Amino acid sequence: MKVKICGITNREDAVWALNDGAHFIGVDFRRRSPRRVAPEAAKDWVPGLPAFASVVGVFDDEPSQWIAKVAADMNLKGVQLSGPQTPQRLRGLRQVLTITECPPFIIKAMACPGPEALEAIPRWGDAVDYVLLHDPAEGRPGRNPRPFDWSLAAAAAAHGKPVFLGGGLTAENVGEAARLGRPFAVDATAGVEKSTRHKHRAKLRAFITAALLGRPA
């Protein structure tokens, strides 16, 4: 199972996560996010991360050309989209991303209040490479992700897309989430923080260790 640490706002936290074994680093470029990193500031450290780092840029519904430029400038390995994108919008983004030397993969993040939400996955077809399931309340101002029905990740994977599972994950519950959802990767943000814009070193290491071992820390 892979591990993604999202909401990284600085080089130090990124290096900690990578050194502790994270496979993916999420940098949030969404304008309304409390963990937003402006592209101008990200240029100071994101492109200089180790070559093996799979950095994923998190976006809302910004213009495709702007997303592609940020992806190229930051050498992003992946692009994660929140919001109500249509399959046509995602296919258009895929086409525009070909301007980068190595086009990044696309993760479609989706709020998952119940199994009915998974019906959208087949419609995206080859427009996305992965789906990320998260708490339906996560996008509301002042709300941190919380646990939800993690077993939905297994149902989502049956639609043919590898699944990133988020939603209130911590070192204490990631083993249970992995057992129930059997995801391709787990995704943590608030559960490894000491504040909104800084990770907690001990929590970070404990989460990654627990995820890789498949049991609580």
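The values are calculated or read from the model by the stated rules, or taken from the named source; none is laboratory data. On a predicted model such as this, the values are computed, not experimentally measured, just so you know. Virtual Cβ from ideal backbone geometry, glycine too; neighbours counted across all protein chains shown.
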- prompt: Quick check: anything in the stretch 87-101 in contact (Cβ under 8 Å) with a residue 24 or more places away in the chain and within 15 Å of the chain's Cα centre (by Cα)?
  reply: no
query: Of the residues in the stretch 10-26, how many are touching a residue at least 60 places away in the same chain (Cβ under 8 Å), surrounded by 20 or more Cβ atoms within 10 Å (Cβ to Cβ) and not aromatic (Phe, Trp, Tyr)?
result: 4
query: When the stretch 182-211 is examined, which residues are found to be over 17 Å from HIS23 (Cα atoms) and in contact (Cβ under 8 Å) with a residue 60 or more places away in the chain?
result: ALA190, GLU193, THR196, ARG197, HIS198
field: Pairs, first farther than 13 Å from LYS77 by Cα and touching a residue at least 60 places away in the same chain (Cβ under 8 Å) in the stretch 45-63, second surrounded by fewer than 18 Cβ atoms within 10 Å (Cβ to Cβ) and among the hydrophobic types (A, V, I, L, M, F, W, C), C-beta under 7 Å, six or more apart
entry: none
query: Which numbered condition trips up THR189, out of (1) surrounded by fewer than 23 Cβ atoms within 10 Å (Cβ to Cβ); (2) under 21 Å from LYS108 (Cβ atoms); (3) touching a strand residue (DSSP E or B) at 6+ places or on another chain (Cβ under 8 Å)?
result: (1)
task: Go through the stretch 1-56 and give me each residue that's in contact with a helix residue (DSSP H, G or I) (Cβ under 7 Å, 6 or more places away or on another chain) and of a type in the set (Asp, Glu).
output: ASP20
query: Going through the stretch 159-191 one residue at a time, which ones are β-branched (Val, Ile, Thr) and closer than 14 Å to LEU212 by Cβ?
result: VAL174, VAL186
field: strands (runs of 3 or more DSSP E) lying entirely in the stretch 150-217 (those with 2 or more residues that are under 18 Å from the mean Cα position of the chain (by Cα) and more than 23 Å from ARG11 (Cβ to Cβ))
entry: 163-165
- prompt: Can you pull out the residues in the stretch 32-48 that are hydrophobic (A, V, I, L, M, F, W, C) and either at pLDDT below 95 or farther than 21 Å from ASN19 by Cβ (or both)?
  reply: ALA38, ALA41
